[in-house]
Amino acid sequence: MEISINVIKLKQYASVCSVLYVEDDELIRKQTADFLGRFFPDVVLAEDGAIGLQKYKEKKFDVVVTDINMPNMNGIEMIEAMKEINYEQVVLVTSAHNDSEYLMKLINLNVNRFVLKPFNNKQFLYVLYKIAEELSFTKEQTKLQDEIVSLSKRAQLIVDQAKIGIIVLEDNKIVMANKAFLEIGDFDTFEMLVLEMPEIGVLFEEASHCISATSNAELIEQLKTLKEEDRKVRILKNTITFEYQVNCSKIDDKNSYILTFSDITAIHNALFLDEVTKLPSKKFVLEKIELLKQKTSMLDMIFLKIKHFENLEKWYGKEEAQEVELGLANKIKEIKQKSMPDAFIGYFGHNQFIVIPNGSAVVNLFSMLKNINIASLPLFEKHRYSDVEFSTSPEVKLEKVDANKSLGKIEVDISEIFDMM
């Protein structure tokens, strides 16, 4: 078999490889060292296994070339000690013995490069060429991998500066998330996100005209088909609702997507929250009812209004009356937080508050709301000696609303209930 060696490539590969050559025969050591030096610029010599091991501990080597039978410490003992330091160490054994016992020991030590003495230079060189080639490729791959990791870290640093949440899904699995997205979900680390919420749809609250997806695959499909105004999600954090606009872009031809989450809570609040009470406005209340209609045929709803509210506005003006509305809203929020955190509170309009309980403790919640003492509000304290008629509690009513009706008819029914209070 003709052995073919590209000498130029060998020198190129060998230029980045260091060699430790261990041989007790001085003449062979000198001749072989001269031969190795023609290709490898960094060759260190040792005359026995003990010296070879000591030099190995002092410096890393890409290749160890060693004899077997040597004084002080033989080649197998030295290799065993080296493998304890670095099991992946590349070793080339040169020996005059073809003993199967040696062979099995060396194979067990993960040594699979052998050259029998006396060896011809071309055969020896070919083995060294293949070793140097493999080492060069490994180093190049490691270098490329390091560059990729470095670029990845740099990219992560860049995207972490973005104020919008960013995640990357690959085959429907989260492979990257920036700092802003971790903050959206209250995750300390990316690892925690992947461990606790691999399907990010779990974060989203159910809401009309918003995305509700149980899996990442379903989320991607919805983002592909929904209109832009419906590509939104709502997330509840510490009882506060945040809304985000979601955009999705495919990466190349792979099943990979970049998702961005832009905070549009301020826009949402401007459209859906009452400016004074900071409660969901009529539009938001009807949206909530539309969602609940899909789950039940009858809705328990608690209606509240301030008695003689028209007297407040007449005698003390709109601003003072709004202060009372705000005070009542805050008292309702306190009761909700303590007794039924999942209940929904809405401001239906002028002096009209709605509470939609979630659960069986409706009567208990109704009783607590009925016993609210609004006389403790600052405005009432300020005008408690006034002749204007005030009430110490709001008017409260518990009604069942037919959810089978259209949303328009339900809106009319609610207005009628308030009118009759």
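Of all residues in the stretch 119-129, how many are more than 12 Å from V63 (Cα to Cα) and either at pLDDT 80 or above or assigned to a helix (DSSP H, G or I) (or both)? Residues in the stretch 119-129 being more than 12 Å from V63 (Cα to Cα) and either at pLDDT 80 or above or assigned to a helix (DSSP H, G or I) (or both): 6 in total.
Among the residues that make up the stretch 307-320, is at least one of them part of a strand (DSSP E or B) and among the hydrophobic types (A, V, I, L, M, F, W, C)? No; the residues of the stretch 307-320 include none that is part of a strand (DSSP E or B) and among the hydrophobic types (A, V, I, L, M, F, W, C).
Would it be correct to say that K83 is modelled with pLDDT of 85 or more, in the same structural domain as R38 (by TED's automatic domain parsing) and of a type in the set (K, R)? The answer is yes for K83. Applying the criterion of being surrounded by 17 or more Cβ atoms within 10 Å (Cβ to Cβ) and not aliphatic (A, V, I, L, M) to the residues of the stretch 180-195, the residue that is farthest from I258 (Cα to Cα) is F187.
Only one of (1) of a type in the set (S, T, N, Q); (2) within 21 Å of P280 (Cα to Cα); (3) over 19 Å from the mean Cα position of the chain (by Cα) fails for T225. Which number is that? Status for T225: all satisfied but (2). Taken over the stretch 334-346, residues that are part of a strand (DSSP E or B) and closer than 19 Å to N373 by Cα amount to 1. Among the conditions (1) at pLDDT below 85; (2) among the hydroxyl-bearing types (S, T, Y); (3) in contact with a strand residue (DSSP E or B) (Cβ under 7 Å, 6 or more places away or on another chain), Y316 misses just one, which is (3).
Of all residues in the stretch 338-351, count the ones that are closer than 19 Å to L271 by Cβ and either buried (at least 22 other Cβ atoms within 10 Å of the Cβ) or aromatic (F, W, Y) (or both). Number satisfying all stated conditions: 4. State the number of residues belonging to the stretch 296-324 that are among the hydrophobic types (A, V, I, L, M, F, W, C) and in contact with a Phe, Trp or Tyr (Cβ under 7 Å, 6 or more places away or on another chain). Here the count works out to 4. Here L398 does not qualify as crowded, with 17+ Cβ neighbours inside 10 Å and at pLDDT below 90. I'm checking my understanding of the structure. Among residues of the stretch 54-69 that are of a type outside the set (D, E) and surrounded by 18 or more Cβ atoms within 10 Å (Cβ to Cβ), which one is farthest from the chain's Cα centre (by Cα)? My answer is I68.
Here's the yes/no breakdown for (1) in contact with a strand residue (DSSP E or B) (Cβ under 7 Å, 6 or more places away or on another chain); (2) free of Cβ contacts under 8 Å to residues at least 24 places away in the same chain; (3) in a helix (DSSP H, G or I); (4) not β-branched (V, I, T):
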| position | (1), (2), (3), (4) |
| --- | --- |
| K30 | no, yes, yes, yes |
| D34 | no, yes, yes, yes |
| F39 | no, no, no, yes |
| V43 | yes, no, no, no |
| A50 | no, no, yes, yes |
| Y56 | yes, no, yes, yes |
| K60 | no, no, no, yes |
| M73 | no, no, no, yes |
| E80 | no, no, yes, yes |
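The single condition among (1) without any contact (Cβ under 8 Å) to a residue 12 or more places away in the chain; (2) surrounded by fewer than 18 Cβ atoms within 10 Å (Cβ to Cβ) that W315 does not satisfy is (1).
Screening L219 on (1) out of contact with any Gly (no Cβ under 9 Å at 6 or more places or on another chain); (2) without any contact (Cβ under 8 Å) to a residue 60 or more places away in the chain shows it passes everything except condition (1).
Every residue, every condition in (1) of a type in the set (D, E); (2) closer than 21 Å to A132 by Cβ; (3) outside the structural domain of K130 (by TED's automatic domain parsing); (4) surrounded by fewer than 16 Cβ atoms within 10 Å (Cβ to Cβ), yes or no:
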| site | (1), (2), (3), (4) |
| --- | --- |
| V16 | no, yes, no, yes |
| R29 | no, yes, no, no |
| F40 | no, yes, no, no |
| G52 | no, yes, no, no |
| P71 | no, no, no, yes |
| Q89 | no, yes, no, no |
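The values are calculated or read from the model by the stated rules, or taken from the named source; none is laboratory data. Computed from a predicted model, the values in this text were never measured in an experiment. Using ideal geometry, Cβ is built from the backbone for each residue, glycine included, and neighbour counts are taken over all protein chains shown.
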